[in-house]
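Report on the structure given below.
Every number here is computed from the coordinates shown, using simple stated rules; none is lab data. Note that this is a predicted model, so its numbers are computed, not measured. Don't worry about glycine lacking a Cβ; one is built from the backbone with ideal geometry, like all the others, and counts go over all protein chains shown.
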Amino acid sequence: MSVAKKYGHVHGEAFMLMKYACVCGHRETIWNSRDGVTPFGMVCPSCGKPNLRHVNWQHDVYAPEHKLQIGQRFWRDGTPDEAEAIMRRRIEQEQNTCSLKPKIAEELIQSIRDGATDYKFRNGWPIIDQNNG
Ligand SMILES: [Zn+2]
């Protein structure tokens, strides 16, 4: 049983300080600021490739009182507005290959906002943020 679950949290990665590493050598400690899921991998800020991975997860540190350093990144819940913005970007990028009728696109965006279709955008979906002081 994970430490976080022993403290009564739903998700094993709740309030954990987590090490992320990339094959390019980038290393980073990211804090999960809430009792919610986190992705296993993401785009690396050093090399730009999607190879930044959660590593040494057995050594995650439970830190509910963690004070973020300036510039440190952390996971938080994404908002419906952020889900909509991501979805609109995705639709725009794909307009060249498959043109979605505007009405369909709007319906899709509304359903994303409602958290109905895409698992990633259920309530509590994770977004990476940075402490800017
Ligand atoms: Zn990298």
| the chain, helix-only ellipticity at 222 nm - DSSP H runs n ≥ 4, -39,500 (n - 2.57), divided by all residues, nearest 500 | -7000 deg cm²/dmol
| All other residues with a Cβ under 14 Å from the Cβ of Glu94 taken together, and with Lys, Arg as +1 and Asp, Glu as -1, what is their net charge? | +3
| Radius of gyration and Dmax for the chain's Cα atoms, expressed in Å? | 16.9, 49
| In this model, which of Lys19/Lys49; Lys5/Lys67; Lys19/Lys120 are farther than 29 Å apart at the alpha-carbon? | none
| request: Net charge near Val23: determine it from the other residues with C-beta under 13 Å of the C-beta of Val23, scoring Lys and Arg +1 and Asp and Glu -1. | output: +3
| said: Need one word for the range 63-121: rounded, prolate or oblate. Basis is the Cα gyration tensor (sqrt eigenvalues a ≥ b ≥ c); a/c below 1.5 gives rounded, then a/b vs b/c decides. | reply: prolate
| remark: Between Gln110 and Tyr7, the FRET efficiency computed from the C-beta separation at R0 = 41 Å comes out, to the nearest 0.05, as 0.65
| In order through the range 60-70: 3J(HN,Hα) via Karplus (6.51 cos²θ - 1.76 cosθ + 1.60), integer Hz, x for Gly, Pro | 4, 10, 6, 9, x, 9, 4, 9, 5, 6, 4
| For the chain, list the cysteines whose Cβ sits under 4.7 Å from no other cysteine Cβ? | Cys98
